Amino acid sequence: MKKNHYTFPFLLIIILFIVNNTVQAQTDTSEHVISGRHNATNQLKKPYVILVSADGFRYDYASRYHADNLLKLSADGVLAESMIPSFPSVTFPNHYTIATGMYPSHHGLVNNTFLDERTGERYSMSAKSKVRDGKWYGGVPLWVLAEEQNMISASMFWVGSEAAIKGIRPSYYYDYTEQISVDKRIEIIKNWLSLSEEKRPHLITFYLSEPDHAGHTYGPDAPQTEAAVKMVDSVINQLTKAIEPLGLPVNYIFVSDHGMTAVDRDHPIATPKAIDTAKYVIASSGTLMDIHSKNKQDTRPLYEILKSQEGTDYKAYLKTEMPAHFHYNATDDRLNRIGDILLIPEWPKVFSNRKPGIGHHGFDPLQVKDMHATFMAWGPAFKKHLKIPSFENVNVYPLITEILGLSYQHEIDGKIEVLKPILKDTRESKQRISDK
């Protein structure tokens, strides 16, 4: 048979084409604009909210690492002792909880990676096709609520903002990429707020991936993490300085999704040998092992074995018996995405079949305070020089809807009563002025 000398070069070209397209998909820096939208007349004079999240910015990082700009801005506004993330205290569930006011078990993003038993499909935060598919997202995120009421929104990254949820995306948004410099991101936000009233977004979400990366790699006590905190502090200073000359009533809410803790790297918990992968699917591990039974009759026998072995390494729960404070049991699991058996490691241990990394999150925030996140707020809507106790992150959603004057009829877990006291009472202020 005659040898085909063109086969290898042709295959190489195909491979390079695929790799190039994959890289381009991961580094797409173009702005997505939904044409034909504008602010309704009744939205034009509303205030503005920039919701900023610094991933993994633990509740004590600002004071511990002298984030002077954030401390100064929050001292002129509102500072919480901490913000309590929802369980599990990981990135995707909690960013989407902040955006929807719902616990993860209610909005459907029950972990960074999970199994949907109804379809047999897996969701993963690293799978772009899943991240951008609106079918995975329940609830009504803030940008969808705003757009439904003809208020323009924009997103410089946020979990869910790349997907068409209820068929709606923000009017302006970017697919997540680290290829856009921080200076450019700030310039984009300033440009959005420099648009005409009809096109100007009143809600902007802005996500920063640090200090989470540093915390995972070096641990929360490392100088690299301190440097990442100071970088975030500098970014917030740049952002506020860039927006200030516009003279707009901009309110800033600075949050994080979770904290960070150092774990026991020398004594990881190996995957229990009793878990037969022919019978069970492990959807996630690390700080929460989520086990689905292929045949539900096999759930109880495995649970009893794991329960007898739990000791000081982990606690074993049936989904039907998860303690109420987790909001993560069979009753809460509205989309059937939580495993039948849940193994929760005892801090500071984690599940791993090799030596784990230094920094982790995902633990029960009511047991491990290192999981607590940050909440700061300042701007014309907020009272000044106010410190408040810790609160759950589901309450950020009704706070923002109150500031922007957005109404909603659907059920959420957050309560406006929790954070309304941090807002200036404009009605009382107007009444005092008229009385004079």
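The values are calculated or read from the model by the stated rules, or taken from the named source; none is laboratory data. For clarity, every value in this text was computed on a predicted model and none was experimentally measured. In this analysis, Cβ positions are derived from the backbone assuming ideal geometry, glycine residues included, and neighbour counts consider all displayed protein chains.
Just checking, how many residues over the stretch 232-262 are without any contact (Cβ under 8 Å) to a residue 24 or more places away in the chain and in a loop (DSSP other than H, G, I, E, B)? Spell out how you get there, then give the answer.
At the first step, the residues of the stretch 232-262 found to be without any contact (Cβ under 8 Å) to a residue 24 or more places away in the chain are 241, 244-245, 247.
Next, from what is left, pick out any that are in a loop (DSSP other than H, G, I, E, B): 247.
The number of residues fulfilling the criteria is 1.
Counting only residues that are of a type in the set (A, V, I, L, M, F, W, C) and under 20 Å from the mean Cα position of the chain (by Cα), which one in the stretch 247-267 is surrounded by the fewest Cβ atoms within 10 Å (Cβ to Cβ)? Quick ask: steps written out before the conclusion?
Within the stretch 247-267, the subset of a type in the set (A, V, I, L, M, F, W, C) is 248, 250, 253-255, 260, 262-263.
The next check asks that each one be under 20 Å from the mean Cα position of the chain (by Cα); those that pass are 253-255, 260.
On the way: ILE253: 24, PHE254: 26, VAL255: 22, MET260: 26.
That would be VAL255.
Here is a check on your reading of the model: is ASP364 assigned to a loop (DSSP other than H, G, I, E, B) and within 20 Å of PHE92 (Cβ to Cβ)?
yes
Inside the stretch 389-404, can you point out the residues that are part of a helix (DSSP H, G or I) and over 19 Å from MET151 (Cα atoms)?
Keep residues of the stretch 389-404 that are part of a helix (DSSP H, G or I), which gives 393-404.
If the condition is that a residue be part of a helix (DSSP H, G or I) and over 19 Å from MET151 (Cα atoms), then ASN393, VAL394, ASN395 are the ones that fit.
Restricting attention to the stretch 351-385, which residues are more than 21 Å from the chain's Cα centre (by Cα), surrounded by 22 or more Cβ atoms within 10 Å (Cβ to Cβ) and closer than 21 Å to ALA270 by Cβ?
PHE351 - this is the single residue of the stretch 351-385 that is more than 21 Å from the chain's Cα centre (by Cα), surrounded by 22 or more Cβ atoms within 10 Å (Cβ to Cβ) and closer than 21 Å to ALA270 by Cβ.
Out of everything in the stretch 124-144 that is hydrophobic (A, V, I, L, M, F, W, C) and buried (at least 16 other Cβ atoms within 10 Å of the Cβ), what residue ends up being farthest from THR100 (Cα to Cα)? So that I can check it myself, show each step before the final result.
Looking only at the stretch 124-144, we keep the residues that are hydrophobic (A, V, I, L, M, F, W, C), and these are 125, 127, 131, 136, 140, 142-144.
In the following step, the residues that additionally are buried (at least 16 other Cβ atoms within 10 Å of the Cβ) were identified as 125, 131, 136, 140, 142-144.
Values: MET125: 18, VAL131: 16, TRP136: 14, VAL140: 6, LEU142: 6, TRP143: 10, VAL144: 10 Å.
Applying the filter and picking the extreme gives MET125.
What about TYR176, is it assigned by TED's automatic domain parsing to the domain that holds HIS38, closer than 19 Å to ASP212 by Cβ and under 20 Å from the mean Cα position of the chain (by Cα)? Lay out the reasoning, then the answer.
On the way: assigned by TED's automatic domain parsing to the domain that holds HIS38: yes; closer than 19 Å to ASP212 by Cβ: yes; under 20 Å from the mean Cα position of the chain (by Cα): yes.
Yes; evaluated as a whole, the condition is true for this residue.
When you go through THR91, THR113 one by one, which is the residue that is under 19 Å from SER285 (Cβ atoms) and over 13 Å from the mean Cα position of the chain (by Cα)?
Values: THR91 fails: over 13 Å from the mean Cα position of the chain (by Cα).
Sole residue among the options that is under 19 Å from SER285 (Cβ atoms) and over 13 Å from the mean Cα position of the chain (by Cα): THR113.
Sort through GLU304, GLU244, GLU310 and tell me the only one that's acidic (Asp, Glu) and surrounded by 14 or more Cβ atoms within 10 Å (Cβ to Cβ). Write out each step before concluding.
Details: GLU304 fails: surrounded by 14 or more Cβ atoms within 10 Å (Cβ to Cβ); GLU244 fails: surrounded by 14 or more Cβ atoms within 10 Å (Cβ to Cβ).
Testing whether each residue is acidic (Asp, Glu) and surrounded by 14 or more Cβ atoms within 10 Å (Cβ to Cβ) leaves just GLU310.
Return the residues of the stretch 386-407 that are surrounded by fewer than 22 Cβ atoms within 10 Å (Cβ to Cβ) and either touching a Cys at 6+ places or on another chain (Cβ under 6 Å) or among the aromatic types (Phe, Trp, Tyr) (or both); say none if nothing qualifies.
Within the stretch 386-407, PHE391 is the sole residue that qualifies.
Let's see how each residue does on (1) closer than 30 Å to LEU145 by Cα; (2) of a type in the set (Asp, Glu); (3) in contact with a Leu (Cβ under 9 Å, 6 or more places away or on another chain); (4) free of Cβ contacts under 8 Å to residues at least 60 places away in the same chain:
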residue: ASP332; (1), (2), (3), (4): yes, yes, no, no
residue: SER352; (1), (2), (3), (4): no, no, no, no
residue: THR374; (1), (2), (3), (4): yes, no, yes, no
residue: GLY379; (1), (2), (3), (4): yes, no, no, no
residue: LYS387; (1), (2), (3), (4): yes, no, yes, no
residue: SER407; (1), (2), (3), (4): yes, no, yes, no
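Among residues belonging to the stretch 313-361 that are outside any loop (DSSP other than H, G, I, E, B) and β-branched (Val, Ile, Thr), point out the one that is nearest to HIS107 (Cα to Cα). Spell out the reasoning first.
First pass over the stretch 313-361, keeping only residues outside any loop (DSSP other than H, G, I, E, B): 314-321, 324-326, 341-345, 351, 359-360.
Checking the rest, the ones that are also β-branched (Val, Ile, Thr) come to 320, 341, 344.
On the way: THR320: 19, ILE341: 20, ILE344: 22 Å.
Checked the stretch 313-361; the qualifying residue nearest to HIS107 (Cα to Cα) is THR320.
Given THR205, THR217, THR177, which one is surrounded by fewer than 19 Cβ atoms within 10 Å (Cβ to Cβ), touching a strand residue (DSSP E or B) at 6+ places or on another chain (Cβ under 9 Å) and either under 18 Å from SER30 (Cβ atoms) or at pLDDT 95 or above (or both)?
Details: THR205 fails: surrounded by fewer than 19 Cβ atoms within 10 Å (Cβ to Cβ); THR177 fails: touching a strand residue (DSSP E or B) at 6+ places or on another chain (Cβ under 9 Å).
It is THR217.
May I ask you to list pairs of residues, at least six apart or on different chains, whose Cβ atoms are under 8 Å apart, with the first in the stretch 37-60 being closer than 26 Å to PHE375 by Cα and the second being basic (Lys, Arg) and outside any loop (DSSP other than H, G, I, E, B)?
Every condition considered, the pairs that remain are TYR59/LYS369.
For GLY379, only one of the following conditions fails: (1) over 29 Å from ASP221 (Cα atoms); (2) not assigned by TED's automatic domain parsing to the domain that holds VAL52. What is its number?
(2)
Is it the case that GLY120 is modelled with pLDDT of 95 or more, surrounded by 23 or more Cβ atoms within 10 Å (Cβ to Cβ) and more than 30 Å from HIS385 (Cβ to Cβ)? Reasoning before the result, please.
Details: modelled with pLDDT of 95 or more: yes; surrounded by 23 or more Cβ atoms within 10 Å (Cβ to Cβ): no; more than 30 Å from HIS385 (Cβ to Cβ): yes.
It is false that GLY120 is modelled with pLDDT of 95 or more, surrounded by 23 or more Cβ atoms within 10 Å (Cβ to Cβ) and more than 30 Å from HIS385 (Cβ to Cβ).
So, in the stretch 188-231, exactly how many residues are more than 30 Å from ILE34 (Cα to Cα) and either in a helix (DSSP H, G or I) or touching a Ser or Thr at 6+ places or on another chain (Cβ under 9 Å) (or both)?
In the first step, residues of the stretch 188-231 are kept if they are more than 30 Å from ILE34 (Cα to Cα); the result is 211-231.
Now drop any that are not either in a helix (DSSP H, G or I) or touching a Ser or Thr at 6+ places or on another chain (Cβ under 9 Å) (or both), which leaves 211-220, 223-231.
Adding up the residues that qualify gives 19.
Tell me, yes or no, whether the stretch 268-277 has at least one residue that is part of a loop (DSSP other than H, G, I, E, B), loosely packed, with under 14 Cβ neighbours inside 10 Å, without any contact (Cβ under 8 Å) to a residue 40 or more places away in the chain and under 30 Å from the mean Cα position of the chain (by Cα). Spell out how you get there, then give the answer.
First pass over the stretch 268-277, keeping only residues part of a loop (DSSP other than H, G, I, E, B): 268, 270-277.
Filter again for loosely packed, with under 14 Cβ neighbours inside 10 Å, leaving 270, 273, 276-277.
Imposing the further condition that a residue be without any contact (Cβ under 8 Å) to a residue 40 or more places away in the chain reduces the set to 273, 276-277.
If we keep only those that are under 30 Å from the mean Cα position of the chain (by Cα) as well, we get none.
Scanning the stretch 268-277 turns up no residue that is part of a loop (DSSP other than H, G, I, E, B), loosely packed, with under 14 Cβ neighbours inside 10 Å, without any contact (Cβ under 8 Å) to a residue 40 or more places away in the chain and under 30 Å from the mean Cα position of the chain (by Cα).
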